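Asker: Sharing a structure, written as structure tokens. Questions coming.
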Amino acid sequence: MIRIEFQIRDLLPCVLLFAAIGTVAARGIPEMRGLENLVANAPHMEPGEVARDVLNHGDGDVATHLPTLSRTVRFYSDGRERDESLAEFGRRKARHDEAGYGRVLEAHGIRPGNATATQKRKAIERLSQVEYPLRDREAITELLNFYLVMALSEEARGRTGSSYRASYHRLRRLVSRGLDAAGGGSELLIDGFEEGILHGAQDLEPVENLVMGFRTALEDLLSALAGASGESGGAAVLDLAARVEEAARLQERRQRLRELAASAAKSRGFAAVLRGRGDSGAAARHEAQFERSSLELLRLLKDPAHRLSLRHDLADLSAHLRRLALDRPLVKGGAEPITSILYREFPRAVTPMPPPSEAEYAETRKEVERLLALSAAGPYLLLIDIDGLRPDMVEQLAAQRGPLGQKPIPNLDRFVLQRGTFLRQNVTCFPSSTYPGTTTFLTGRYTKHHNIQSNTMFFKDIKDAQDQGSLSAARKINWVDYLGMRQSKYTAEHVPADVPYLFEMLSPTSVTFFPTVRGVKPRFSKSGFLMGMTGVFFEHGGSYVPFGDRGFDDLLSTAAYEMVNDGQRYTKSGETFIPPKLMTHYVSWVDHASHGAIRGQFSHEVRRFIEYGDRLLGRFFRMIDDLGILDETVIAVVSDHGHLAGPAEQRDPEAPAPDGNIPFSMSKALEERGFQLRQKGEKFQDYDAVVISDGEGTARVYLPKSGTERWGGRHTFDELKR
């Protein structure tokens with residue numbers, strides 16, 4: 001706790017200090033408030049003190065901005081026995097956590113009051129083995145973010161944030177140790193906690209070891225809490241909301257500075273090599289780009305509103321250029337002129353970078369040749385289908401910020417929304433289910449023209465095969481499976497030949513999954529499963545991963561990384577890697593979670609999977625950036641359909657979302673009206689209707705004709721009316 005004692009005679013310098021700060025703030029420099037006006041260097045809060053603060057002051061400033069950490073600390077401080085592990089305590093606690101396993105049941109479309117004993121037991125298991133560890137991970141992530149926010153806020157105020165960065169790195173080492181002990185994954189921390197993404201572990205995949213691995217750091221935190229002295233160090237972080245805002249502004253500013261510096265260095269490196277090749281026209285264009293980027297960079301650095309953070313901004317920029325220079329020869333060739341300009345303008349804050357050696361210049365020439373080859377093969381189209389995602393959900397999430405300034409979908413925001421155009425008046429086809437919708441945007445034609453009219457289709461000419469069992473036992477003859485069984489080749493014959501697929505218009509093409517492969521040659525990935533899928537099951541390591549399992553998105557993300565050579569610039573033979581002109585990627589679980597959750601797409605479970613999909617896409621986007629083709633790649637994010645209004649639009653948090661989650665039996669309704677439906681073991685001639693439902697709440701009803709061959713030919717409209 002900070003003690004501040006002063007007498008009346010001490011007030012004059014304080015008044016002068018307040019007056020000076022008021023003058024500075026009027027010019028746009030971050031304002032310092034509260035006790036920080038009197039204490040130039042606020043004492044650093046250790047993890048135990050942070051935990052004690054949120055425990056003792058649940059409605060305090062720190063707890064408000066670290067809500068998950070606050071809940072977690074309280075959870076493990078309530079009745080946990082000495083030497084009881086977090087896992088053991090969680091298993092014991094979950095049995096009595098009715099609200100917790102009730103949320104798990106609802107996320108899977110089950111009303112808690114209607115749950116069977118088995119469903120309740122499985123929900124309790126998931127609560128202790130998945131939900132608690134996920135929350136534990138989020139709690140430690142919040143603390144990591146807290147230290148980054150504090151460090152950045154100190155730098156925005158012209159002070160050093162080294163003590164907070166030291167705690168950040170110490171906590172991060174604990175997480176790395178825990179991940180390695182749980183089976184690996186610490187290398188993802190390099191990607192996941194990269195500060196170029198605003199304050200967050202935005203790339204950590206929620207697989208088991210990446211959840212359990214955070215418990216090592218949590219155990220350390222709880223031990224530190226037991227040994228923390230005094231009430232707390234909360235006085236050091238007064239006005240945390242202002243600090244979050246400062247950190248967000250500073251981080252966004254630094255991202256822009258980094259992008260300008262990298263662009264300038266790349267242009268200068270290009271110009272030098274092109275001039276050496278005698279291409280003076282192209283060299284002059286790149287020199288002009290270098291001048292524009294350099295001038296904009298200097299303008300931002302000299303902005304008086306950020307004078308206090310300038311020294312730290314320059315240090316961050318210099319470190320970023322040096323990191324890039326180690327990995328990108330072209331940046332190395334152009335970074336030296338950039339740092340020379342910075343040294344000339346800010347000689348006390350920047351150390352000039354030595355010019356590249358002849359060997360490094362040779363690598364620069366090789367890199368220029370690679371980028372020229374990529375440019376000649378471009379432009380490129382990356383088409384991403386996120387099944388069942390509502391566009392307004394994207395807008396809502398992009399506009400939101402977490403308690404510490406985190407963006408829920410930072411990668412879609414940075415690489416798509418900020419670089420392109422967002423369309424709000426798109427209309428899907430009818431029926432609005434996955435296969436018709438996907439075929440529509442892959443062909444540009446509605447179902448009337450491309451003939452794919454349902455997720456599942458009834459084919460009269462193979463009815464004998466369906467007679468061998470129930471319709472569901474015959475897998476409802478998914479139309480892709482039907483084509484594979486019937487022809488043993490991968491063509492979508494029901495789409496007319498004069499309706500081309502995007503795959504046929506742009507070549508070469510590489511896909512992870514789409515419900516057709518006409519124009520795509522199926523190939524197996526290095527992981528052993530098919531890219532350009534032809535069915536709903538995927539072989540991986542000798543086992544089959546069902547469509548819709550979360551592991552499916554994990555597998556497809558691996559296939560997506562392989563589409564761009566895992567971000568490696570050269571093939572194993574040393575040749576320039578040229579990606580396909582068209583790359584397509586599919587994200588499945590958002591749709592399945594939306595169908596299953598009682599509250600539809602507005603539920604916490606669905607939001608989690610949207611954020612999860614964003615993390616997977618973020619690694620993919622950065623691989624494209626590393627290849628050097630981001631500026632030549634059109635990224636189009638599409639969806640085949642949305643989901644109907646959830647409780648957020650009904651203004652009733654208890655109301656189920658009307659998106660098909662309310663049970664309704666079309667078969668029962670037809671039987672009540674006198675239809676004789678197919679029963680197991682019956683032949684086609686023995687019943688007079690086939691009902692196949694689609695996920696969007698519609699059903700397709702097939703009716704026979706009268707006569708001997710009842711299932712042959714088409715009905716007239718008058719016959720259907722009768």
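The values are calculated or read from the model by the stated rules, or taken from the named source; none is laboratory data. This is a predicted model, so every value here is computed, not measured. When we count neighbours, we look across all protein chains shown, and the Cβ atoms used for this are built from the backbone with ideal geometry, even at glycine. These area figures cover heavy atoms from the full protein model, side chains too; ligands, DNA and RNA do not enter into them. Shrake-Rupley method; radii C 1.70, N 1.55, O 1.52, S 1.80 Å.
Asker: Does the range 65-76 include one or more residues that are buried (at least 18 other Cβ atoms within 10 Å of the Cβ), basic (Lys, Arg) and under 30 Å from Ser163 (Cα atoms)?
Answerer: No, because not a single residue in the range 65-76 is buried (at least 18 other Cβ atoms within 10 Å of the Cβ), basic (Lys, Arg) and under 30 Å from Ser163 (Cα atoms).
Asker: Ok, one more. How many residues does the range 392-405 hold that are open to solvent by 30 Å² or more (accessible area, probe 1.4 Å) and part of a helix (DSSP H, G or I)?
Answerer: 4
Asker: Say whether the condition of being at pLDDT 50 or above, on the phi > 0 side of the Ramachandran plot, open to solvent by 20 Å² or more (accessible area, probe 1.4 Å) and not aromatic (Phe, Trp, Tyr) is met by at least one residue in the range 572-579.
Answerer: yes
Asker: Sticking with this structure for a sec: Going residue by residue through the range 136-151, is there one that turns out to be over 26 Å from Arg253 (Cα atoms), open to solvent by 10 Å² or more (accessible area, probe 1.4 Å), free of Cβ contacts under 8 Å to residues at least 40 places away in the same chain and not β-branched (Val, Ile, Thr)?
Answerer: So far as the range 136-151 goes, no, none of its residues is over 26 Å from Arg253 (Cα atoms), open to solvent by 10 Å² or more (accessible area, probe 1.4 Å), free of Cβ contacts under 8 Å to residues at least 40 places away in the same chain and not β-branched (Val, Ile, Thr).
Asker: Could you check Leu389 against (1) open to solvent by less than 30 Å² (accessible area, probe 1.4 Å); (2) more than 18 Å from the chain's Cα centre (by Cα) and say which number it fails?
Answerer: All conditions are met except number (2).
Asker: On to the next question. Quick check on my filter: what residues within the range 329-383 are closer than 30 Å to His585 by Cβ, part of a loop (DSSP other than H, G, I, E, B) and open to solvent by less than 50 Å² (accessible area, probe 1.4 Å)?
Answerer: Gly378
A quick yes/no check of all residues on (1) in contact with a helix residue (DSSP H, G or I) (Cβ under 9 Å, 6 or more places away or on another chain); (2) among the aromatic types (Phe, Trp, Tyr); (3) touching a residue at least 24 places away in the same chain (Cβ under 8 Å); (4) within 23 Å of Glu252 (Cβ to Cβ):
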site	(1), (2), (3), (4)
Leu310	yes, no, yes, yes
Arg323	no, no, no, yes
Ile338	yes, no, yes, yes
Glu345	yes, no, yes, yes
Thr351	yes, no, yes, no
Ala359	no, no, no, no
Glu363	yes, no, yes, no
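Asker: Does Pro658 satisfy being modelled with pLDDT under 70 and open to solvent by less than 40 Å² (accessible area, probe 1.4 Å)?
Answerer: When the stated conditions are applied, Pro658 does not pass them.
Asker: Follow-up question, since we're still on this one. Could you tell me whether Ser318 is farther than 30 Å from Arg165 by Cα, part of a helix (DSSP H, G or I) and touching a residue at least 24 places away in the same chain (Cβ under 8 Å)?
Answerer: Answer is no for this residue.
Asker: Next question, about the same structure. Of the numbered conditions (1) at pLDDT 80 or above; (2) small (Gly, Ala, Ser); (3) open to solvent by 20 Å² or more (accessible area, probe 1.4 Å), Gly213 fails exactly one; give the number of that condition.
Answerer: (3)
Asker: I've got another one for you. Name the residue that is most open to solvent (accessible area, probe 1.4 Å), counting only residues in the range 406-460 that are among the basic types (Lys, Arg) and not in a helix (DSSP H, G or I).
Answerer: Arg424
Asker: If you don't mind, there's one more thing I want to ask. State yes or no: is Arg103 open to solvent by 20 Å² or more (accessible area, probe 1.4 Å), in a helix (DSSP H, G or I) and modelled with pLDDT of 90 or more?
Answerer: So Arg103 fails the test.
Asker: Return the residue satisfying two criteria in turn: it lies in the range 272-300 and is surrounded by 20 or more Cβ atoms within 10 Å (Cβ to Cβ) and free of Cβ contacts under 8 Å to residues at least 60 places away in the same chain, and of such residues it is nearest to Ile338 (Cα to Cα).
Answerer: In this case the residue turns out to be Ser294.
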